[in-house]
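K.L.:
Pasting in a structure now, in structure tokens, and then I'll have a few things to ask.
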């Protein structure tokens, strides 16, 4: 069974601080996607990484895929209250590319 | 921007009743999925659908569940006889490709909150 563990589960920080969220598995994934989910809404895709070692930047967000394609990290620089939300990593692969979702990291950025 | 749309946004049903959740995937996408998220828990895969047939399903997707693409745009999830534990957010998703490392980005709908009473 493929599992994705995210850490930390909860994170409450002040505006302007930096943070890193980790997504780890013992399984190899063909791709890894990061989503952000607001309460009562569907996950919104932030980025997809497919190559081991790949780094992608989206404004203040930096995503990295591990060399072995088993883990990933999301780093946010100078967090803002608008970054508040549930961050989900999801590993894809297999014939149908179904997604295995991580346990989620709930981020609260205090003004 | 193309998006996945789901209806209804909320559905309350009595235990034992049948429900149909509807989705309109992005028009040029080929693979369709249903996921569910029980309150406070992680998003779980239910089923994938390609070329008018189920391509993969999880243990959750038992005989009470079925999917259909009744026409060229809709994709439905039917629960035949709902149970209390079926209460969850149900998300539809679609991807352009299913088995390559590019163009496999999954786009999700806003979800249907199903409450079984």
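K.L.:
Which of (1) at pLDDT 95 or above; (2) over 21 Å from residue A:45 (Cα atoms); (3) surrounded by 14 or more Cβ atoms within 10 Å (Cβ to Cβ) is the odd one out, the single condition residue B:50 does not satisfy?
P.N.:
Among (1) at pLDDT 95 or above; (2) over 21 Å from residue A:45 (Cα atoms); (3) surrounded by 14 or more Cβ atoms within 10 Å (Cβ to Cβ), the lone unmet condition for residue B:50 is (1).
K.L.:
Would you confirm whether or not segment B:10-24 contains a residue that is crowded, with 16+ Cβ neighbours inside 10 Å, touching a helix residue (DSSP H, G or I) at 6+ places or on another chain (Cβ under 9 Å) and within 18 Å of residue A:99 (Cα to Cα)?
P.N.:
no
K.L.:
Among the residues of segment A:82-101, write down those that are assigned to a loop (DSSP other than H, G, I, E, B) and at pLDDT 90 or above.
P.N.:
Applying the first criterion (assigned to a loop (DSSP other than H, G, I, E, B)) to segment A:82-101 yields A:84, A:94-97.
Scanning segment A:82-101 gives a single hit, A:84.
K.L.:
In addition: Hey, residue B:55 hits all of (1) surrounded by fewer than 19 Cβ atoms within 10 Å (Cβ to Cβ); (2) assigned to a strand (DSSP E or B); (3) modelled with pLDDT under 95 but one; which does it fall short on?
P.N.:
All conditions pass for residue B:55, except number (1).
K.L.:
Mind checking whether some residue in segment A:70-81 is within 28 Å of residue B:112 (Cβ to Cβ), outside any loop (DSSP other than H, G, I, E, B), touching a helix residue (DSSP H, G or I) at 6+ places or on another chain (Cβ under 8 Å) and more than 14 Å from every other protein chain (Cβ to nearest Cβ)?
P.N.:
Checked against the condition, which is being within 28 Å of residue B:112 (Cβ to Cβ), outside any loop (DSSP other than H, G, I, E, B), touching a helix residue (DSSP H, G or I) at 6+ places or on another chain (Cβ under 8 Å) and more than 14 Å from every other protein chain (Cβ to nearest Cβ), segment A:70-81 yields no hits at all.
K.L.:
Still on this structure, please answer the following. Residue under question is residue B:110, and the condition is that it be within 10 Å of chain A (Cβ to nearest Cβ), free of Cβ contacts under 8 Å to residues at least 40 places away in the same chain and outside any strand (DSSP E or B); does it hold?
P.N.:
Criteria not met by residue B:110.
K.L.:
Restricting the search to segment B:81-100, which residues are in contact (Cβ under 8 Å) with a residue 12 or more places away in the chain, in a loop (DSSP other than H, G, I, E, B) and surrounded by 13 or more Cβ atoms within 10 Å (Cβ to Cβ)?
P.N.:
B:82, B:87, B:96, B:97, B:98, listed by residue number.
K.L.:
Residue B:42 fails exactly one of the following numbered conditions: (1) without any contact (Cβ under 8 Å) to a residue 12 or more places away in the chain; (2) out of contact with any strand residue (DSSP E or B) (no Cβ under 9 Å at 6 or more places or on another chain). What is the number of that condition?
P.N.:
Of (1) without any contact (Cβ under 8 Å) to a residue 12 or more places away in the chain; (2) out of contact with any strand residue (DSSP E or B) (no Cβ under 9 Å at 6 or more places or on another chain), only one is false for residue B:42: (2).
K.L.:
Right, next: From the set of residues in segment B:55-86 that are within 14 Å of another protein chain (Cβ to nearest Cβ) and more than 12 Å from the chain's Cα centre (by Cα), which is farthest from residue B:116 (Cα to Cα)?
P.N.:
Going through the qualifying residues, I end up with B:55.
K.L.:
Just a yes or no: is a residue in segment B:12-33 at pLDDT 95 or above and at positive phi?
P.N.:
Yes; the residues of segment B:12-33 include at least one that is at pLDDT 95 or above and at positive phi.
The values are calculated or read from the model by the stated rules, or taken from the named source; none is laboratory data. Since the structure is predicted, the reported quantities are computational estimates derived from the model, not experimental observations. For neighbour counting, all protein chains shown are included, and Cβ atoms are generated from backbone atoms with ideal geometry for every residue, glycine included.
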